[in-house]
Amino acid sequence: MFQLPSGAEIQSIIATLKSGVGFFVPEIYLSVLFMLLIVVDLTVKGRKNNLLASLTALGLAASFFLIYQQHALEPGEIFFGMYVLDEFALFFKYFFVLSGILAVMVSVADEQLNRQVQSIGEYYALIVAMVVGMIMMASSADLLMMFLSMELVGLTAYVLTGYLKNDLRSAEAALKYLVYGAVSSGLMVYGFSLIYGLTAETNIVKISAELAQHGYDPLVMILASLLILAGFGYKIGAVPFHFWSPDVYEGAPTPITAYLSVGSKAAGFAILMRFFYVAIPHGGEPYQDIAGLDWLMLLILLSIASMIYGNVVALWQTNVKRLLAYSSIAHAGYALLGIIVMDELGIQATLFYLLSYLLMNIGAFYVVILIANRTGSENLEDYRGLGRKMPLAGAALTVFLISLVGLPPTIGFIGKLMIFSALLAKGSVYIWLALIGVLTSVISLYYYMLIPLNMYLRDSLHPDENKDRTGMVHQVAIAVLMMLTIYFGLFFQPLTDFAKASSSMLGLTIY
């Protein structure tokens, strides 16, 4: 029979919560920023898009200082083991705040979004809410907190995807996103329930200890892993959980497409790595853990299928946003290769790859938005001749696409080099995985280079001698992103050191 807690128990709970507040300061600050944006939107009259965008970007940038201060804290669990603070979590806090700032920048650049939406206050508030949710995903150490944080990200993403209320493509994308999200969440929760049934625990560290100490039924565990992987695979957009990606990426406002392609995907990788590395016991032999469970083989199959399917289907795309959507599926496969390695070098490679993908993919979508402002189109044919009309945008987009292929001297080359090096360092068993990655990268060279081909080597079907009307702020932004893409391709040591320092979860050796 349920009994109310005693006064002493209540005091103990309050004391535990208070002791964890100091570890939760950035999240509290961002939650206050979320509410402040709503209040400003309600109180300030008239057009306030620039005010809200500036307030959001500055507010997010200020959180870097709070996150930096957390390096001085000892890694550990808070809030009864539901939440953790470690170098791995801090890496993704920086990552998600930076992705939020870049999402605000590209939102300001999108004329369609600013033209169709008169009051945009809740738009920027929801971006901040997504940042909070993604940070909580990366820091969750409990099945309940994992589910709640994923739902926070999912619900805000559904709203933002359908934010263009008068656009049928946007409404269709939001509906498809919602349906697929609901199904994947249901499957994931069912998998969580099986794990809880095996261990009677929801904390992933305790789950790992229970499974290692008492063993488990391999059939139940493989079923639970499959179901949980459905939820995580949906977040990262990997095959066969990718069906929502092309339609959602094409129909959503382009800034939200860019944000989902880097932020939401990285959050999925963060929670996937923390769960499978910590909660599920594993051994040192390829493909085999202590009880003979081939859960790593599931990730290998997902990675191979994503690389092949994403790159091959992208060959036939004529819409640039849809092309980048299939490209995003392929990049999920490349990032999974680092997780498959299951050692420090693999984690470091995956973290670096996510950083490189953030830079080059946001940059690519930024230029796509600027071109859409001029042409009103996202079709590949309408890019013909734009290299002469928009020289800086054309050059920047070419650099970002070269980086997405993985060619030197860009950050994308270093990202793929680290992934393939981590595979080769594990021995001959993994060589064929690296070979598939290289061959599929060669395939991607064709469809990525179709865009510069149209911009520079084909004449426009609609001659337009108007000057480039891109604002100076946006030209500076894409120039900076382009230079960073090249700079970190040449001088990558700071980012690799940062990724290496961030590969520790709870200060434990987990590989």
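Here is how the numbers come out for the structure above:
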item: Spin-label pair Met449/Ser31, simplified geometry with 7 Å Cα→Cβ offset, distance in nm; result: 5.2 nm
item: Carbon and sulfur %, accessible surface of the chain computed with the full protein complex present, 1.4 Å; result: 69 percent
item: Folded to 0 to 90 degrees: helix 391-405 orientation relative to the chain principal axis, Cα; result: 40 degrees
item: Long pairs among Lys206/Lys500; Lys93/Lys235; Lys176/Lys416; Lys235/Lys426; Lys206/Lys426; Lys93/Lys500, criterion Cα-Cα beyond 20 Å; result: Lys206/Lys500; Lys176/Lys416; Lys235/Lys426; Lys206/Lys426
item: Computed lengthening from Asp167 to Val473, 0.36 nm per intervening residue step minus Cα-Cα distance; result: 107.4 nm
item: The chain - percent relative contact order, Cα under 8 Å, separation 6 or more; result: 15 percent
item: Shape parameters for region 333-388, alpha-carbon atoms, Rg then Dmax in Å; result: 16.8, 47
item: Met150 accessible area, 1.4 Å probe, all protein chains in place, Å² to nearest 10; result: 10 Å²
item: Helix axis angle, 87-109 relative to the chain longest principal axis, alpha carbon, degrees; result: 30 degrees
item: Segment Leu490-Ile436, extension gain: residue separation times 0.36 nm, minus the distance between their alpha carbons; result: 16.9 nm
item: Excluding exposed DSSP-loop trypsin sites (Lys or Arg not before Pro) (at most 15 other C-beta within 10 Å), longest clean stretch of the chain; result: 166-457
item: Projected area, mean over directions - the chain, Cα convex hull, nm²; result: 24.7 nm²
item: Between 0 and 90°, nearest 10: helix 143-161 axis offset from the chain longest Cα axis; result: 20 degrees
item: Whole-number accessible area per residue in Å² for the chain, which is evaluated in the context of all protein chains at 1.4 Å; result: 39 Å²
item: Linear extension gain, Arg115 paired with Met297, 0.36 nm per residue minus alpha-carbon span; result: 60.7 nm
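The values are calculated or read from the model by the stated rules, or taken from the named source; none is laboratory data. These numbers were taken from a predicted model, which means no experiment stands behind them. Don't worry about glycine lacking a Cβ; one is built from the backbone with ideal geometry, like all the others, and counts go over all protein chains shown. Side chains included, ligands, DNA and RNA excluded: accessible areas come from the protein's heavy atoms. Shrake-Rupley method; radii C 1.70, N 1.55, O 1.52, S 1.80 Å.
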